[in-house]
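Report on the following structure.
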Amino acid sequence: MSAETNQRQDGPDGDYDAEAVEKKWQEHWVEHDTYAYDGDPEMDPNTVYSIDTPPPTVSGNLHMGHMYGQALQDFAARFHRMADEDVLFPFGYDDNGIASERLTEQELGIRHQDFSRREFQEKCREVCREYEAEFTEKMQGLGISIDWNRTYKTISPEVQRISQLSFLDLYEQGREYRKQAPAIWCPDCETAISQVEQEDAERHTHFNDVRFDLAEPTESGRDSFVIGTTRPELLPACVAVFVHPEDDENRELIGKEAEVPLFGHTVPIIEDDRVDLETGTGVVMCCTFGDQNDIEWYQAHDLPLRVAIDESATMTDLAGDYEGMSTTEAREAISEDLDEAGHLVDREEHTHTVQVHERCETDVEFRVSEQWYVEILDHKEEYLEAGREMDWYPEKMFTRYEHWIEGLEWDWLISRQRDSGIPFPVWYCEDCGQEVMADREALPVDPLADDPPVDACPECGGEAFEPEDDVFDTWATSSLTPLINAGWDPESIGEGELAAGDLDNPELYPFDLRPQAHDIISFWLFHTVVKCYEHTGDVPFDTVMIHGHVLDENREKMSKSKGNIVAPEEVVDEYPVDAIRYWAASSAVGDDFPYHDKDIVAGEKLLRKLWNASKLVDQLTPAEAAEPDELDPIDEWLLAKLDAVVAETTEQFQEYEFAKARDNLRTFFWNTFCDDYLEIAKSRETESTAYALRTAHRTFCQLFAPLLPHVTEELWSEMHDGGSVHRTDWPEPRGYEADLEAGETAMETVSALRKYKTDHQLALNEELDAVSVYGNVAGMEDAVAEVMHVRNLDVLDAEPETTTEITSVDLDYSTVGPQYGETVGDIDAAIESGEFEIEDGTLHVAGEELGSDLFEIERERTYSGEGEMIETESAIVIVRN
RNA sequence: GGGCUUGUGGUCUAGUUGGUCAUGACGCGGCCUUUACAAGGCCGAGAUCAGCGGUUCAACUCCGCUCAAGCCCA
């Protein structure tokens, strides 16, 4: 708990200066560790609320998505800090992996290939440090209640150790294997990448129709066929040609051999029903490797490998004359030569979608290489079960997780051929290839710089070792954030469960909340479940809160290429952070929603209103208002309404329904408190009113605190004692029982009188001679009379003399419907045309008799007495002026 | 092409298990200096609940199809 004690100030004064106030408190909170987590490992996990926050990639830019996501996490953090005992709200920087490498290269104008791994890593850290400092400043400028003593970086030695421990643990459990297999490969980054690191890109290219000659003609005398390809540079890698077994036209080719033009080698023609009959010529070549299908065929038909493209997308010696060309150069050269040799039958412009690496937008290739995998396909059912055990907000997001797992086809490829990253703690025996793992105690290690833990190979006794120079996929590390945050360092590995002492802060794990956006359910969330489940045997989260994306004003995705990006910095410069947060709470969690800066104006207005209303409360009341023995009905009514709002808001925060909490609070504050009550309270300088005013003010400052932390902190320090509002206990209903109906009726009466004045173009403080009310306003007559400046207000015992005419009948359809079924239509029609009678409370209509509990009579009253009659929902008001 | 989601006044949004005048805000029009707030208050206009079809006495709500948008995957 922080040591600060705020002295109550003189009270709010002048206009609200959001810019100065917000800056002041942001600095104060950081300086005073207002949001520090005590971190007592002995603490009861039920009184700790822990959040596993997303570590943003250090790319230098804070975007609207960060701002929105952070705001939502902060709502939860601030609510639970007040409602529970202690909250862990940490912060991490993901400075590990390709994104930070790219950033470093751009920033310093260098290429990673020109440096040793260690040198380049140093440069990366240098660049990242600057960006992290900038990022921290921006985050603090958003007033997020992060514990800045609890930050981590994914490249730090502690995290490297945890990542390598994770690798060893899974290896010991037999859940990791190294295998030569086709992997998706980025030729520019020269690394394998995972399925999910790809994205679509439009490419203009040519569709080439290439004639292949048969080694021998068919029985019908056919001696050639044509295949269509966008990638003629793959011809040297061609290993087979496929035809669909039901392709009448080409079936005769099956079993023959074809000669690959320009390159001369012969390949078999094989039948396979995976050939798409709808597109192309029906004959397809299979190469090493053009697409996913080629890989399937390679595996299914046990085809040979012909690797014509190397790791940097350069043609190999298999390409003969084209060796050394890039794939794009070779593509042109080969199609020209095909044309010259008379093998190019047709060539036309073509636009298609290809897979590119999301980080550099380079077209990906498939390459066979030795890679490390985490086995996941055999535990699909367990990961599904883990998903079912978590509470999902919103619930519908679980389906995405479910479908993702059900559709998994590959194990998780975790090795990357990069410089900056966390190294695999592995060496291989040069003689027999035996894998040698680092010792647990020695971690973190870098095999390129450190020696293996053994002098001789335990298998063959060989003394020479080759270090693994791959690094981990970044998701292999960021999937460990709950273990990083809880300080994981197991004594023994390979157990697959948590032992006492494995965590520095066991009270944090499993984490209460995992907040994240819906686009990374299949990345971050899924991989975290996999890792944490395998390491601890436990589901890492009680609850996941999935938020949507911030779209542009036309509901389209913000992207650099569209040029529709809104920078948070610009928004923060222009609007108070509290107003931005208020906007962030405007949509249901999980839905995408558009950014409109005019929506922030509503928040700005609320801040101003809060400030001004507080000024008035402060002016009307002494600092300490003791609770009187007896409250006036109007004051008790306000406190009873407040009780209800406390109960509802608490529930809404618990259920992550921030938009509902926000609207509920605003309605109470603006309409009930300001418009209804405060206007009345102005003219009632009683102890009872002072107490109600102070209590309500105190309470709604607290209720608003998670959403609007700056303005509430300022008001709290100006008007209430006891340090930060954010460290106070969340309010509870006090148990006031007031006649809520009478209160509503009183407010309706006020409303009716306002309408009267508006209609008669009278000022609101104009005096009215006499008003009669027929309705229950128990004890609040004076309040009504005072606020509306009525000289004489009396309450009528009996309904005033009016002539009433029955105009219509309102049926209670929820009862009438099931009871009368099809005849409801006839009843409606009869009522509509006035063909009904009411006798002794029974409605006779369309041949049916309805009891009085099934309908309500709608009447029009005509008042012919003195003055003017106004009807409200539950009262009749007569004004004589 | 497949999965998931969204579609409510000009704009943004609420709407729990179907029950009949669909919530609020922004904007718009009119009126009004209440002991704070005119960047306020009061009043008002504005919606065939994306479209079509179905289930039902009754559909914004349930089902099907179509259209548009978002995300994920192929």
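Some points to look at:
- Residue A:179 accessible area, 1.4 Å probe, all protein chains in place, Å² to nearest 10: 100 Å²
- Using distinct alpha-carbon pairs, which all enter the 1/r mean, Kirkwood radius of the range A:286-423 in Å: 19.1 Å
- Shape category assigned to the range A:226-304 from the gyration tensor of Cα positions, a/c cut at 1.5: rounded
- A cut-off of 5 Å between modelled amide H atoms, ignoring neighbours fewer than 5 places along the same chain, links residue A:415 with A:372, A:473.
- The simple spin-label model puts a point 7 Å past each Cα toward its Cβ; for residue A:17 and residue A:866 those points are separated by 5.8 nm.
- Each part gets one Cα centre, and for the range A:677-747 versus the range A:505-571 those centres are 36 Å apart.
- Centre-to-centre separation between the Cα atoms of the range A:392-470 and those of the range A:199-213: 37 Å.
- In this structure, the pairs whose alpha-carbon distance is over 23 Å, taken from A:123/A:153; A:24/A:682; A:380/A:531; A:660/A:755; A:562/A:605; A:153/A:396, are A:24/A:682; A:660/A:755; A:562/A:605; A:153/A:396.
- Space enclosed by the convex hull of the alpha-carbon atoms of the range A:203-362, per residue, Å³: 118 Å³
- Using 0.36 nm per residue and subtracting the Cα-Cα separation, the extra length available between residue A:202 and residue A:432 on full extension is 78.2 nm.
- Where the Cα pairs of the range A:681-795 fall when distances are cut into 10 Å bins, in %: 12, 32, 26, 23, 8, 0
- Distance between the range A:123-154 and the range A:284-332 - C-alpha centres, whole angstrom: 45 Å
- Each stretch of four or more DSSP H residues adds -39500 (n - 2.57); spread over every residue of chain A, this sum gives -10500 deg cm²/dmol at 222 nm.
- Each DSSP beta bridge with both residues in chain A is either parallel or antiparallel, and the antiparallel ones are about 75%.
- Inter-label distance, nm, simple model (7 Å from Cα along the C-beta direction), residue A:674/residue A:849: 5.6 nm
- An oblate overall shape is assigned to the range A:485-629, the ratio a/c of its alpha-carbon gyration tensor axes (a ≥ b ≥ c) being 1.5 or greater and a/b not exceeding b/c.
- DSSP-defined beta bridges in the range A:463-591 - what % are antiparallel, rounded to 5: 25 percent
- If R0 is 22 Å, the Cβ-Cβ spacing of residue A:682 and residue A:609 corresponds to a FRET efficiency of close to 0.90.
- Interchain or long-range residues, amide H under 5 Å from residue A:152's placed H: A:91, A:92, A:93
- What the range A:203-362 shows is 49 Å² of accessible area per residue, with the surface traced by a 1.4 Å probe over protein heavy atoms.
- Remark: the range A:186-194, residue by residue, has Karplus-estimated 3J(HN,Hα) of 9, x, 7, 7, 6, 8, 6, 10, 8 Hz, where x stands for each Gly or Pro and the curve is 6.51 cos²θ - 1.76 cosθ + 1.60 at θ = phi - 60°.
- DSSP-loop trypsin sites (Lys or Arg not before Pro) across the range A:543-626, with at most 13 other Cβ within 10 angstrom: A:555, A:560, A:562
- In a fully extended conformation the segment linking residue A:569 and residue A:215 would gain 120.7 nm over its present Cα-Cα distance, using 0.36 nm per residue.
- Across the range A:400-408, rounded Karplus estimates of 3J(HN,Hα) from the backbone phi angles (6.51 cos²θ - 1.76 cosθ + 1.60, θ = phi - 60°) give 5, 4, 4, 5, 4, 5, 4, x, 5 Hz, Gly and Pro being marked x.
- Label-zone membership for the range A:325-348, site residue A:257, 7 angstrom Cα→C-beta point, backbone N under 12 Å: none
- Efficiency of FRET from Cβ geometry, residue A:450 and residue A:389, R₀ 51 Å, rounded to 0.05: 0.80
- Scaled radius of gyration (Cα, divided by 2.2 N^0.38 Å) that chain A gives: 1.27
- Additional length obtainable on full extension of the chain from residue A:874 to residue A:798, 0.36 nm per residue less Cα span: 26.0 nm
- The amide H of residue A:723, built 1.01 Å from its N in the peptide plane, has A:6 as neighbours under 5 Å, considering only residues 5 or more places off or on other chains.
- Relative intensity, log₁₀ I(q)/I(0), of the range A:1-134 from a Debye sum that treats every alpha carbon as a point, q = 0.11 Å⁻¹: -0.63
- Rounded accessible area per residue of the range A:820-862, 1.4 Å, Å²: 65 Å²
- Rough spin-label spacing in nm, given labels placed 7 Å along Cα→Cβ, for residue A:555 and residue A:597: 2.3 nm
- With all protein chains in place and a 1.4 Å probe, the accessible surface of chain A carries 41 percent carbon and sulfur.
- Highest mean packing comes first when the peptides A:124-137, A:849-862 are listed by Cβ atoms within 10 Å, giving A:124-137, A:849-862.
- Accessible surface calculations at 1.4 Å, restricted to protein heavy atoms, place the range A:424-572 at 40 Å² per residue.
- Cysteines not pairable in chain A (beta carbon separation under 4.7 Å absent): A:124, A:128, A:238, A:286, A:287, A:360, A:532, A:674, A:701
- Along the range A:358-375 the Karplus relation, 6.51 cos²θ - 1.76 cosθ + 1.60 evaluated at θ = phi - 60°, assigns HN-Hα couplings of 4, 7, 10, 6, 8, 4, 7, 10, 10, 9, 8, 7, 8, 9, 8, 10, 9, 6 Hz to successive residues, with x for each Gly and Pro.
The values are calculated or read from the model by the stated rules, or taken from the named source; none is laboratory data. Worth saying up front: this structure is predicted, and the values here are computed from it rather than measured. Cβ atoms come from the backbone with ideal geometry, glycine included; neighbour counts cover every protein chain shown. Heads up: the accessible areas ignore ligands, DNA and RNA and are worked out on the full protein's heavy atoms, side chains in. Shrake-Rupley method; radii C 1.70, N 1.55, O 1.52, S 1.80 Å.
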